[in-house]
Amino acid sequence: MSNTRPFGDTGMDITPLGFGTWVIAGPGWEYSWGATDDAESIAAIRHAVDSGLNWLDTAAAYGLGHAETLVGRALADLPEADRPYLFTKTGLIWEEGDDRSGPPRRIMRPEVIRAELESSLRRLRVDHIDLYQVHWPDTGAVFVYGGEGESLVQPTPLEEYWQLMADFKKEGKVRAIGLSNHSVAELDRAEAVAHVDAIQPPFSAINRSSAPEIAWAEQHSTGVIVYSPMHSGLLTGAFTADRELAADDWRSASPDFTTGLPANLALVDALRPIAARHGVTVAEVALAWVNSWPGITGAIVGARNAAQIDGWTGALTLELTPADLGEIATAITTTGAGTGPNRA
């Protein structure tokens, strides 16, 4: 097994990298990465586990359940001792009558989330989930469809839905509970109800805006797994200025891949000499930089196939020197890439 780190006070020790399933969730939904091959996706999940990663991150929203189904299929025949921890998320909902190709609703109504949990358990083929996370805060009123048409429903208060998550933990349905994409103020409110076992913010050398939430977690013995540590492929070292993204790839409309692309690629170029010195890939430098940030337990990394995984698993053991970190901090400042502090 690769080196592991204590995941807050959950009692789980996790590897610095975990496999993320957003990218393999397939087409036909709002945040799709385009067409995928299920056989390749299942092979990638198995290869990630064989490569030493001891946790997988998924969500009910990814492919509208398809990613969780693939995880369940991929791990079905693994002996219990060889199974990775399973982390999933709830709260992004497509209800009956919704446009399945449109954006999901941020819903944390108790009756909806209880049904979501049972569906995730069934798709993953498990009797409990190791980490169950709220995907986004329930913000603003939403419309739901009923027998008499649409009706206005007020958002569920954070305190109410976080108590529900704590109840799941007491019931043994989940081992730990977490919050993804929640602010420091929201984390304080949740902590007053029940301990926040883990958080999941976005974080990369380009997007450093979640530094305050990570600092909060470090102060509260809360585990931190970050998503998009390679900034949706920009920090792999393989993305080029002339690459054309498919129309059904959500990145094609993102400013980071359009107006912000020159600065982001300049930062990538600054990582290349560091990668060369260590004999690793640019992706591995980007991941090691994330995992050097105080308070971060691990980073979620996706791949479409098994071969892509081999391009970044070296980051499991790569340690950047103080000189490397200083060089990256200078590059962040000079290129103007992204937002947030250039070092902890």
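The values are calculated or read from the model by the stated rules, or taken from the named source; none is laboratory data. Everything quoted here is computed from the prediction, not taken from an experiment. Please note: Cβ atoms are built from the backbone with ideal geometry, for glycine as well, and neighbour counts cover all protein chains shown. What goes into the accessible areas is simple: the full protein's heavy atoms, side chains included, and nothing from ligands, DNA or RNA. Shrake-Rupley method; radii C 1.70, N 1.55, O 1.52, S 1.80 Å.
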**Prompt:** What whole-number value in cubic angstrom gives the convex hull volume per residue for the C-alpha atoms of the range 12-124?
**Reply:** 111
**Average projected area [Cα convex hull, the range 174-253], square nanometres** = 7.1
**Prompt:** Given the range 203-344, what whole percent of its Cα pairs are spread farther than 25 Å?
**Reply:** 24
**Whole-number accessible area per residue in Å² for the range 175-285, which is evaluated in the context of all protein chains at 1.4 Å** = 38
**Message:** Can you show me the helix-derived [θ] at 222 nm for the chain, built from DSSP H runs with n ≥ 4 at -39,500 (n - 2.57) apiece and divided by the number of residues, rounded to the nearest 500.
**Reply:** -10000 deg cm²/dmol
**Request:** Output the relative contact order of the chain, whole-number percent, from Cα pairs under 8 angstrom with separation of 6+ residues.
**Result:** 20
**Fill in**
Debye calc, one equal point scatterer per Cα of the range 264-343, no solvent, log10 I(q)/I(0) at q = 0.24, 0.25 1/Å comes to -1.27, -1.34
**Request:** Using amide H atoms built 1.01 Å from N in the peptide plane, name the residues 5+ places from R175, or on other chains, whose amide H lies under 5 Å from its own.
**Result:** I129, D130, L131, Y132
**Prompt:** Hey, which aspartates and glutamates would be in cross-link range of K169, C-alpha to C-alpha under 13 Å, not counting anything within fewer than 8 residues on its own chain?
**Reply:** D127, D130, D197
**Item:** Shape call, the range 207-285: gyration tensor on alpha carbons, a/c limit 1.5
**Value:** oblate
**Asked** Rounded, prolate or oblate: which fits the chain, taking a ≥ b ≥ c as square roots of the Cα gyration tensor eigenvalues, rounded meaning a/c under 1.5, else prolate when a/b beats b/c?
**Response** rounded
**Prompt:** Assigning unit charges at the beta carbon (Lys, Arg +1; Asp, Glu -1) and nothing else, what dipole magnitude in debye, to the nearest 20, does the chain show about its Cα centre?
**Reply:** 520
**Complete:** Output row, site R343, 7 Å Cα→C-beta label point, backbone N cut-off 15 Å, window the range 207-241, residues none
**Complete:** Carbon plus sulfur, as percent of the 1.4 Å-probe accessible area of the range 214-304, comes to 55
**FRET efficiency, 1/(1 + (r/R0)^6) with R0 41 Å, evaluated for A323 and A35 via beta carbons** = 0.45
**Asked** What ranking do 110-120, 53-63, 36-46 get when scored by the average of other Cβ atoms within 10 Å per residue, highest first?
**Response** 53-63, 36-46, 110-120
**Fill in**
Nearest 10, in degrees from 0 to 90: the angle of helix 66-75 to the longest Cα principal axis of the chain is 70
**Asked** Of the peptides 255-265, 205-215, 187-197, how do they stack up when ordered by the mean number of other Cβ atoms within 10 Å, highest first?
**Response** 205-215, 187-197, 255-265
